[in-house]
Amino acid sequence: MKSLDPFRNEARRRDLPEDEVERWLGTVRPCAMLGTAGDAPPGSPVVGRLGGLPPMPEDEPVPDLPFLASVDLAAIPPGATDIPLPKDGTLLFFADTEDPWPGLVWSRLVYVPVGTAVSERRPDGEEPPPVHPAQDLHLMIEASLPNRGWKSEEFPHSSELGDVWWEIGDEMRTDGPVQMGGYPWVWNEDPTHHPRNGPGDWVLLAEIAGEDLTDPGLVDWVIRRDDLAARRFDQARASFDMIG
């Protein structure tokens, strides 16, 4: 991860209390940022693919939804995130962000255990969803902090601290279209604290964003930490956060 000094410098320029700034930086979380060849430094390992046709299990129908990305969990090393990702298997992410509304089936998450026979294919039907251009996803391990804050006794300046990350986060990490773990980028509502989630330690599993992928917003998949550790991916929830 890159140095956090740009955050300190900007917080100091805004006259934020240094002890609170250091406590805030103590909440930094690692995330696996997955970028295309144009995002990632040369030599970054390939850990998945953006777009293309989904490598679905041969005994399962392909969801009738746009395929966004696949992630090879075995290629993500321990410590790249602070969430209990399985050590193997592949995650497939599908979403149609043209109609991401309650009551509609607009997203799907598929976990493919290692050793499963798969084939790349389109869904059946006369009007299949569009296929995004296939691009390799390369791993970058980056810092993650909240871009929005809610005032508390420990962080009375949390809103201002969130604004600092919003302003200069790009100087401290390289973004990509897929983020695994860390904090979600929040435009309107934090998906890990949504009232519909219910009790439990909800964490960000993945966030996918891109003008040609999820316009006009981004898609977050969240899951309870214990469900993730037990590979209960059917318990994950997707939400759409519109930009602006």
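Return the residues of segment 219-240 that are part of a helix (DSSP H, G or I) and either of a type in the set (S, T, N, Q) or touching a helix residue (DSSP H, G or I) at 6+ places or on another chain (Cβ under 6 Å) (or both); say none if nothing qualifies. It would help to see each step written out before you state the result.
Residues of segment 219-240 part of a helix (DSSP H, G or I): 225-229, 233-235.
Matches in segment 219-240: 227, 235.
Quick one: which of 116, 36 is under 25 Å from residue 139 (Cβ atoms), hydroxyl-bearing (Ser, Thr, Tyr) and free of Cβ contacts under 8 Å to residues at least 60 places away in the same chain?
Values: 36 fails: free of Cβ contacts under 8 Å to residues at least 60 places away in the same chain.
Only one candidate passes the filter, namely 116.
Of all residues in segment 97-124, count the ones that are part of a loop (DSSP other than H, G, I, E, B), open to solvent by 60 Å² or more (accessible area, probe 1.4 Å) and either in contact with a Pro (Cβ under 6 Å, 6 or more places away or on another chain) or modelled with pLDDT under 95 (or both).
The number of residues fulfilling the criteria is 9.
Take the residues in segment 150-189 that are small (Gly, Ala, Ser) and under 19 Å from the mean Cα position of the chain (by Cα), then tell me which one is nearest to residue 41 (Cα to Cα). Don't jump to the end; show me each part of the working.
Of segment 150-189, the ones small (Gly, Ala, Ser) are 152, 158-159, 162, 169, 176, 181-182.
Among the residues that remain, those that are also under 19 Å from the mean Cα position of the chain (by Cα) are: 162, 169, 176, 181-182.
Details: 162: 27, 169: 18, 176: 12, 181: 20, 182: 20 Å.
The qualifying residue nearest to residue 41 (Cα to Cα) is 176.
Residues of segment 162-177 being in contact with a Leu (Cβ under 8 Å, 6 or more places away or on another chain) and under 11 Å from residue 144 (Cβ atoms), which ones?
Within segment 162-177, 165, 169, 172 meet the criteria.
Can you tell me which residue is surrounded by the fewest Cβ atoms within 10 Å (Cβ to Cβ) among those in segment 186-196 that are touching a strand residue (DSSP E or B) at 6+ places or on another chain (Cβ under 7 Å) and outside any loop (DSSP other than H, G, I, E, B)?
Top of the filtered list is 192.
A quick yes/no check of all residues on (1) without any contact (Cβ under 8 Å) to a residue 12 or more places away in the chain; (2) over 18 Å from residue 70 (Cβ atoms):
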| position | (1), (2) |
| --- | --- |
| 175 | no, yes |
| 178 | no, no |
| 181 | no, no |
| 189 | no, yes |
| 193 | yes, yes |
| 205 | no, no |
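Tell me whether segment 137-146 contains one or more residues that are among the small types (Gly, Ala, Ser), touching a residue at least 12 places away in the same chain (Cβ under 8 Å), surrounded by 17 or more Cβ atoms within 10 Å (Cβ to Cβ) and more than 20 Å from residue 212 (Cα to Cα). Even if it seems obvious, please write down each step before you answer.
Going residue by residue through segment 137-146, those that are among the small types (Gly, Ala, Ser) are 143-144.
Right, trim to touching a residue at least 12 places away in the same chain (Cβ under 8 Å) and you get 143-144.
Now restrict to residues that are surrounded by 17 or more Cβ atoms within 10 Å (Cβ to Cβ): 143-144.
Within this subset, residues satisfying the condition of being more than 20 Å from residue 212 (Cα to Cα) are 143-144.
Yes, the conditions are met somewhere in segment 137-146.
Inside segment 147-161, can you point out the residues that are open to solvent by less than 20 Å² (accessible area, probe 1.4 Å) and under 30 Å from residue 73 (Cβ atoms)?
Within segment 147-161, just 147 meets the criteria.
Report, by residue number, each residue of segment 162-177 that is closer than 30 Å to residue 49 by Cα and either among the polar types (S, T, N, Q) or surrounded by 18 or more Cβ atoms within 10 Å (Cβ to Cβ) (or both). Full working, then the answer.
Residues of segment 162-177 closer than 30 Å to residue 49 by Cα: 165-177.
If the condition is that a residue be closer than 30 Å to residue 49 by Cα and either among the polar types (S, T, N, Q) or surrounded by 18 or more Cβ atoms within 10 Å (Cβ to Cβ) (or both), then 165, 169, 172, 173, 174, 176, 177 are the ones that fit.
State the number of residues belonging to segment 203-237 that are hydrophobic (A, V, I, L, M, F, W, C), open to solvent by less than 20 Å² (accessible area, probe 1.4 Å) and within 26 Å of residue 113 (Cβ to Cβ). Break it down into steps so the answer makes sense when it comes.
Let us first name the residues in segment 203-237 that are hydrophobic (A, V, I, L, M, F, W, C), namely 203-206, 208-209, 213, 218-219, 221-223, 228-230, 233, 236.
Narrowing the set further to residues that are open to solvent by less than 20 Å² (accessible area, probe 1.4 Å) leaves 203-206, 208, 218-219, 221-223, 228, 233.
Still in the running and within 26 Å of residue 113 (Cβ to Cβ): 203-206, 208, 219, 221-223, 228, 233.
The total comes to 11.
What number of residues in segment 26-51 are open to solvent by 10 Å² or more (accessible area, probe 1.4 Å) and either touching a Lys or Arg at 6+ places or on another chain (Cβ under 8 Å) or small (Gly, Ala, Ser) (or both)?
7
The values are calculated or read from the model by the stated rules, or taken from the named source; none is laboratory data. Since the model is a prediction, treat every value here as computed from it, not as a measurement. Positions of Cβ are generated from backbone atoms using ideal geometry, with glycine treated the same way; all protein chains shown enter the neighbour counts. The protein model used for the area step is the full one, side chains on, heavy atoms only, and it has no ligands, DNA or RNA in it. Shrake-Rupley method; radii C 1.70, N 1.55, O 1.52, S 1.80 Å.
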